[in-house]
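The values are calculated or read from the model by the stated rules, or taken from the named source; none is laboratory data. Quantities reported herein were computed from a predicted structural model and do not represent experimental measurements. So basically every Cβ, Gly included, is an ideal-geometry build from the backbone, and we count neighbours across all protein chains shown. Side chains are part of the model used for accessible areas, which takes the heavy atoms of the whole protein and leaves out ligands, DNA and RNA. Shrake-Rupley method; radii C 1.70, N 1.55, O 1.52, S 1.80 Å.
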Amino acid sequence: MRVLFTRPLPETVIAEARKDCEVEVRDDTAPMKTGQMRAALALYDGIVPTLGDAFDAAVFEGSENPRCKVLANFGVGVNHIDVAAARAAGVMVTNTPGAVTDATADIALMLILMSARRAGEGERLVRAGAWTGWHPTQMLGQHVSGKTVGIVGMGRIGQAVARRCHLGFGMPVLFYNRSPKAVEFEARQVETLTALAEEADVIVVAVPGGPETRHLIGAEVFAAMKPTAHFVNIARGDVVDEAALIAALQAGRIAGAGLDVYEQEPDVPAALRALENATLLPHLGTAALEVREAMGRMAVQNLRAALAGEAPPNPVA
Ligand code: NAP
């Protein structure tokens, strides 16, 4: 079986795949282009794509039942793949849920703390040699312990964030979710995003990206938030109307934002980069070696099962 990894991955992952496949690793860290994806569908039995490889309907057009039988995505988010178009062409899609949950929740907590406690701004101050010394009213931020967190999307990552906030920082938890959800710790589901925004001191977005959630968070939500509240997005950039977020931050309508993802990655608007009250990370959610190895092992398990004609452990419905 001949498979393509669309990006370099940790060596242990490639070695695992090489046990029973002929593996080619694309030596480029940028996303695949349409022509490359079309060619890959014809040339390989399986592909391990990842974020940014836009397997949209146009890629599958005219390639019914290609040689490729599985897109074993490296990552849980599959909003870059048109899953229905893939299925219609006879290509199965799998992902790596669970392996990413704790690492991404950790990054959410880091952004909550960095935004509320003005860590980015403070770091820039020290590095600029502009720090004049401690005093009682220097750089006062927002105390996090005991404040109310509002989670948008109470799935695996949403719950892991909520658990950390609740058990670690004594924070009451509110959440907004597509369907009713019971969780194993105290948390209250609210009916609307506005209700969540009005009550929460910190909002964390953890819904999948894609057409269903595009601009789920916009001006209306920012207008409903407390002026002291912080906004964190570790999900996907297209869930948030970035222009509306920038306007809210510029106007001081909300206190701050911590972002790991952006609407047009890797382009981050200059207006956003200019804001002191925005903490900006380069999509670091799962960026730890052991996490990327675990994601890779999961992708290889899916690939192997699909190529052997068995049901893969993590099919995307
Ligand atoms: P998950 O377990 O599927 O959870 C998603 C949750 O969002 C579910 O509870 C779902 O509700 C809810 N939801 C979906 N659409 C909604 C809508 N329109 N309105 C309200 N709630 C909605 O997924 P996960 O593993 O937690 O991952 C979530 C996302 O995080 C991924 O899809 C990925 O894009 C992103 N992510 C980012 C990074 C990073 O590096 N920053 C890393 C990993 C993942 P139901 O209960 O109704 O299904």
Query raised in the report: With respect to the numbered conditions (1) more than 14 Å from the ligand (Cβ to nearest atom); (2) within 17 Å of the chain's Cα centre (by Cα); (3) open to solvent by 20 Å² or more (accessible area, probe 1.4 Å), which one is the sole condition not fulfilled by G252?
Result: (2)
Query raised in the report: Are any residues in the range 37-84 more than 26 Å from E293 (Cβ to Cβ) and not in a loop (DSSP other than H, G, I, E, B), and if so, which ones?
Result: R38, A39, L41, A42, L43, A57, A58, V59, F60, A84
Report summary line: The residue that is least open to solvent (accessible area, probe 1.4 Å), considering only those in the range 181-215 that are among the aliphatic types (A, V, I, L, M), within 10 Å of the ligand (Cβ to nearest atom) and within 15 Å of the chain's Cα centre (by Cα), is V205
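Could you run through the range 4-36 and say how many residues are of a type in the set (A, V, I, L, M) and outside any helix (DSSP H, G or I)?
The total comes to 6.
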Query raised in the report: Do you know which residues across the range 153-173 are open to solvent by less than 10 Å² (accessible area, probe 1.4 Å) and within 12 Å of the ligand (Cβ to nearest atom)?
Result: G153, M154, G158, A160, V161, A162
Query raised in the report: For the range 21-35, does any single residue satisfy the condition of being more than 16 Å from the ligand (Cβ to nearest atom), among the acidic types (D, E), open to solvent by 10 Å² or more (accessible area, probe 1.4 Å) and under 24 Å from Q301 (Cβ atoms)?
Result: yes
Query raised in the report: Out of the range 105-117, which residues are surrounded by fewer than 20 Cβ atoms within 10 Å (Cβ to Cβ) and not aliphatic (A, V, I, L, M)?
Result: D106, R117
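Hey, among Q142, Q159, Q138, which residue is touching a residue at least 60 places away in the same chain (Cβ under 8 Å) and of a type in the set (S, T, N, Q)?
After ruling out the rest, the residue left standing is Q142.
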Query - Number of the condition not met by G150 [criteria: (1) within 14 Å of the ligand (Cβ to nearest atom); (2) in a helix (DSSP H, G or I); (3) touching an Asp or Glu at 6+ places or on another chain (Cβ under 8 Å)] - result: (2)
Query raised in the report: Looking at (1) among the hydrophobic types (A, V, I, L, M, F, W, C); (2) in contact with a helix residue (DSSP H, G or I) (Cβ under 7 Å, 6 or more places away or on another chain); (3) not assigned by TED's automatic domain parsing to the domain that holds A72, can you tell me which one V268 breaks?
Result: (2)
